[in-house]
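Novice: Sharing a structure, written as structure tokens. Questions coming.
The values are calculated or read from the model by the stated rules, or taken from the named source; none is laboratory data. Everything numeric in this text was worked out from a predicted model, so none of it was measured. In this analysis, Cβ positions are derived from the backbone assuming ideal geometry, glycine residues included, and neighbour counts consider all displayed protein chains. Surface areas here come from the heavy atoms of the whole protein model, side chains and all, with no ligands, DNA or RNA. Shrake-Rupley method; radii C 1.70, N 1.55, O 1.52, S 1.80 Å.
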Amino acid sequence: MNSNFANLLIKYIYAKKLQRAVPGSILSNYIIRPWQIDNPEVSQQEPRMVEPGDDHRIDHERVVYLARTGSIERVNLRGHLQRMENLLPREECNMLFPALDAGQLSFGGQFVVCPVRGGEVLDARHPGYSLLPVGFYQEVIQMTGLHPVFMGQTEDNAYMRELRAEFPRGVFLPPLGPLADFETIRCASNLVLPLSTFSWLAAWLSNARQIVLPVFGLFNPEQYPDVDLLPLGDDRYSFYQFPFHHAVSLERYAKAHADLQGRWRKVEPGSFAHL
């Protein structure tokens with residue numbers, strides 16, 4: 001299992017939503033071992049099939065209608081489906097994926113947990129996934145007065161060295177493994193989210209008191225209008241709007257972040273009413 005398993009969890013949540021809307025339907029090829037989910041692949045290829053072409057948006061009511069009336073016999077979900085309307089309520093999702101004892105660490109109210117997304121982000125493989133400016137962490141941590149904990153993909157690199165230099169008294173955890181990292185985020189009382197669906201999902205499922213979400217890169221609906229991962233009705237969240245930004249490689253991040261300095265601002269959920 002790798003950190004991309006959060007994308008599978010999001011797709012499974014929508015598949016369960018669709019299954020509940022179409023009585024008698026079954027799921028195929030969803031195997032998520034930590035939660036003992038095992039839906040083996042159904043190999044037969046029904047001739048009447050719909051394959052929604054969009055990566056994130058799906059016309060749920062149309063698909064349900066076609067399935068209930070027998071106009072289609074199979075729905076092939078290939079997209080990422082990263083939109084709030086594709087999810088079941090959070091309480092139901094926590095029943096699908098109950099908290100696990102995975103060797104996670106717990107940080108109470110005096111800490112703010114800051115997951116770091118590294119890995120392929122460091123070579124700017126996807127323009128929507130970028131490192132968070134260190135100056136943003138400075139502002140949020142100073143404002144909250146909480147003790148920072150950096151965890152996740154914290155292997156040594158220039159960005160991590162800058163974080164360590166800026167927060168010499170911070171806690172820096174080594175990678176614990178995807179599942180333990182996921183559950184550590186989920187246990188946290190306070191969070192600052194990176195651009196990561198892995199961290200996003202763990203935070204959304206959590207009982208955290210406050211979650212800081214940068215409306216940045218992939219999370220910025222003005223830049224990526226087909227993605228909607230902004231839980232606007234959830235009082236735990238604070239949103240910080242960033243300008244348009246495309247990811248750059250690790251060698252270029254310092255200048256890119258210097259250009260962003262001071263250009264983010266806290267915004268109210270009503271700013272995104274057009275979603």
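Novice: Checking Gly270 against (1) in a loop (DSSP other than H, G, I, E, B); (2) more than 21 Å from Thr144 (Cα to Cα), only one condition comes out false. Which one?
Specialist: Exception for Gly270: condition (1).
Novice: Run down Gly103, Gly70 and say which single residue is open to solvent by 40 Å² or more (accessible area, probe 1.4 Å) and on the phi > 0 side of the Ramachandran plot. Break it down stepwise before answering.
Specialist: Values: Gly70 fails: open to solvent by 40 Å² or more (accessible area, probe 1.4 Å).
Of the residues listed, the single one that is open to solvent by 40 Å² or more (accessible area, probe 1.4 Å) and on the phi > 0 side of the Ramachandran plot is Gly103.
Novice: Within the group Gly152, Gly109, which residue is touching a Lys or Arg at 6+ places or on another chain (Cβ under 8 Å), crowded, with 20+ Cβ neighbours inside 10 Å, in contact (Cβ under 8 Å) with a residue 12 or more places away in the chain and not hydrophobic (A, V, I, L, M, F, W, C)?
Specialist: Working: Gly109 fails: crowded, with 20+ Cβ neighbours inside 10 Å.
None of the other options fit; the residue is Gly152.
Novice: Could you tell me whether Pro225 is in contact (Cβ under 8 Å) with a residue 12 or more places away in the chain and farther than 23 Å from Gly135 by Cβ? Lay out the reasoning, then the answer.
Specialist: On the way: in contact (Cβ under 8 Å) with a residue 12 or more places away in the chain: no; farther than 23 Å from Gly135 by Cβ: yes.
So Pro225 does not fit the description; no.
Novice: What's the total number of residues in region 3-24 that are assigned to a loop (DSSP other than H, G, I, E, B), under 17 Å from Leu195 (Cα atoms) and out of contact with any Pro (no Cβ under 6 Å at 6 or more places or on another chain)?
Specialist: Initially, region 3-24 is screened for residues assigned to a loop (DSSP other than H, G, I, E, B), giving 3-4, 22-24.
Now narrow it down to the ones that are under 17 Å from Leu195 (Cα atoms): 3-4.
In the following step, the residues that additionally are out of contact with any Pro (no Cβ under 6 Å at 6 or more places or on another chain) were identified as 4.
The total comes to 1.
Per-residue answers, yes or no, for (1) surrounded by fewer than 15 Cβ atoms within 10 Å (Cβ to Cβ); (2) assigned to a helix (DSSP H, G or I); (3) among the aromatic types (Phe, Trp, Tyr); (4) in contact with a Ser or Thr (Cβ under 7 Å, 6 or more places away or on another chain):
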| position | (1), (2), (3), (4) |
| --- | --- |
| Ile26 | yes, no, no, no |
| Glu41 | yes, no, no, yes |
| Asp54 | yes, no, no, no |
| Val63 | no, yes, no, no |
| Leu66 | no, yes, no, no |
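Novice: Inspect region 226-233 for any residue being open to solvent by 20 Å² or more (accessible area, probe 1.4 Å) and closer than 20 Å to Glu120 by Cβ and give the result as yes or no.
Specialist: Applying the first criterion (open to solvent by 20 Å² or more (accessible area, probe 1.4 Å)) to region 226-233 yields 226, 232-233.
The next check asks that each one be closer than 20 Å to Glu120 by Cβ; those that pass are none.
No: zero hits.
A quick yes/no check of all residues on (1) under 19 Å from the mean Cα position of the chain (by Cα); (2) closer than 30 Å to Asn207 by Cβ; (3) outside the structural domain of Leu179 (by the TED database); (4) basic (Lys, Arg):
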{"residue": "Leu8", "(1), (2), (3), (4)": "yes, yes, yes, no"}
{"residue": "Ser28", "(1), (2), (3), (4)": "no, no, yes, no"}
{"residue": "Ile31", "(1), (2), (3), (4)": "no, yes, yes, no"}
{"residue": "Val50", "(1), (2), (3), (4)": "no, no, yes, no"}
{"residue": "Arg62", "(1), (2), (3), (4)": "no, no, yes, yes"}
{"residue": "Arg68", "(1), (2), (3), (4)": "no, no, yes, yes"}
{"residue": "Arg74", "(1), (2), (3), (4)": "no, no, yes, yes"}
{"residue": "Arg78", "(1), (2), (3), (4)": "yes, no, yes, yes"}
{"residue": "Leu87", "(1), (2), (3), (4)": "yes, yes, yes, no"}
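Novice: Looking at the structure I just gave you, is Arg117 under 24 Å from Pro52 (Cβ atoms) and basic (Lys, Arg)? Spell out how you get there, then give the answer.
Specialist: Numbers: under 24 Å from Pro52 (Cβ atoms): no; basic (Lys, Arg): yes.
When the stated conditions are applied, Arg117 does not pass them.
Novice: Scan region 174-187 for residues that are out of contact with any helix residue (DSSP H, G or I) (no Cβ under 8 Å at 6 or more places or on another chain) and not in a helix (DSSP H, G or I) and report the count.
Specialist: Residues that pass the stated criteria total 2.
Novice: OK, next. So, in region 209-225, how many residues would count as being surrounded by fewer than 20 Cβ atoms within 10 Å (Cβ to Cβ) and under 15 Å from the mean Cα position of the chain (by Cα)?
Specialist: 2
Novice: Right, something else. For region 255-274, which positions are surrounded by fewer than 17 Cβ atoms within 10 Å (Cβ to Cβ) and touching a residue at least 60 places away in the same chain (Cβ under 8 Å)?
Specialist: Gln261, Gly262
Novice: Quick check: is even one residue across region 235-254 part of a loop (DSSP other than H, G, I, E, B), open to solvent by less than 20 Å² (accessible area, probe 1.4 Å), closer than 23 Å to Gly108 by Cα and in contact with a Pro (Cβ under 8 Å, 6 or more places away or on another chain)?
Specialist: No - not one qualifying residue is present in region 235-254.
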